[in-house]
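Following: one structure in structure tokens, then a few remarks.
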Amino acid sequence: SGEDVEYGYSLNKINEDGTTTPISSENANQAFYGASIQKPVIALVALIAGEELSDAFLNRLILYTAGAGNGFREDRKTGEPKKLTGSNGANQILKEKYQASSKMRKAAKELAEGLGIKDAFKIIRGNNKQSAQAYSAFLAALENYENHPYLKNHSEAAEKIRSRIQLASPSTTKGRGSYEGKNLKDIVNEANKALQGDNKIAKVYGKGGYTPYKPKGTPLARNVSLVVELDNGEKFIFTMYVN
């Protein structure tokens, strides 16, 4: 359309304690609309707050496995409640829990403080907005949660989320995580042509989302947050939002 593309990105090195060291960024603290990328955040908040979420529920939410959700939203034409299924239904259930639970709201605040993020996780409150730097801090902490100053105290909850995100890697060709994995494989292969020895990419995994433009509907949004691990064990986090 010839219009300028609005974007923000953040590239950081992940330290052993799950904190990050900045490498490169642009508009990294600007909040953008995101699709699906927020789901691991609200799931972690729920688990920290003591909500019991089954493996099947977490798989449906994060891995998009089959199954109906029991969440509801208002139908735009009739105004009547409309049932949501699959991942979006599971996400709606958590949003409703968050609105009704002071424990979840407290957990979200403590998580934000623990990650050093100001006014974090607006996404939980329903507007699906986040900045590249804030989400990078979340995923990096999750990646090395055993050593992170805050998440090491919630290791069981952190592992339940991290294990599902890690499944999306270039080596995953079928089953869980294969959707994201197959889309990363060609990119990793191309990058490794220019990288040598211990600097070659061993793994890439993370979350992303895309929503097509619909008149008077959800705006076009692309977002991705990926952990890149080299053969030498070094890890990096790249997060980008494009509206």
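Those residues that are at pLDDT below 95 and small (Gly, Ala, Ser), I need them from segment 19-42; list them, please.
Answer for segment 19-42, where residues must be at pLDDT below 95 and small (Gly, Ala, Ser): 28, 31, 34, 35, 36.
Restricting to segment 15-37, what's the tally of residues that are open to solvent by less than 10 Å² (accessible area, probe 1.4 Å) and under 17 Å from residue 141 (Cα atoms)?
2
If you check residue 40 against the conditions, is it within 17 Å of residue 117 (Cα to Cα) and assigned to a helix (DSSP H, G or I)?
Taking the combined requirement at face value, the residue satisfies it.
Within segment 129-150, identify whether any single residue is in a loop (DSSP other than H, G, I, E, B) and at pLDDT below 90, and answer yes or no.
Yes: segment 129-150 contains one or more residues that are in a loop (DSSP other than H, G, I, E, B) and at pLDDT below 90.
Taking the condition of being small (Gly, Ala, Ser) and at pLDDT 90 or above, how many residues in segment 109-119 meet it? Reasoning before the result, please.
Step one: list which residues in segment 109-119 are small (Gly, Ala, Ser), which gives 112, 114, 116.
Pick out the ones that are also at pLDDT 90 or above and you get 114.
Qualifying residue count, segment 109-119: 1.
Would you call residue 79 modelled with pLDDT under 70, small (Gly, Ala, Ser) and over 30 Å from residue 6 (Cβ atoms)?
When the stated conditions are applied, residue 79 passes them.
Does residue 213 fit the bill of being aromatic (Phe, Trp, Tyr), in a loop (DSSP other than H, G, I, E, B), more than 21 Å from residue 55 (Cβ to Cβ) and at pLDDT below 90?
yes
Every residue in segment 12-37 that is among the hydroxyl-bearing types (Ser, Thr, Tyr) and at negative phi, please.
Selection gives 19, 20, 21, 24, 25, 33.
The values are calculated or read from the model by the stated rules, or taken from the named source; none is laboratory data. Given the structure is predicted, the values throughout are model-derived calculations rather than measurements. Please note: Cβ atoms are built from the backbone with ideal geometry, for glycine as well, and neighbour counts cover all protein chains shown. Calculation scope for accessible area: heavy atoms of the full protein, side chains included, ligands and nucleic acids excluded. Shrake-Rupley method; radii C 1.70, N 1.55, O 1.52, S 1.80 Å.
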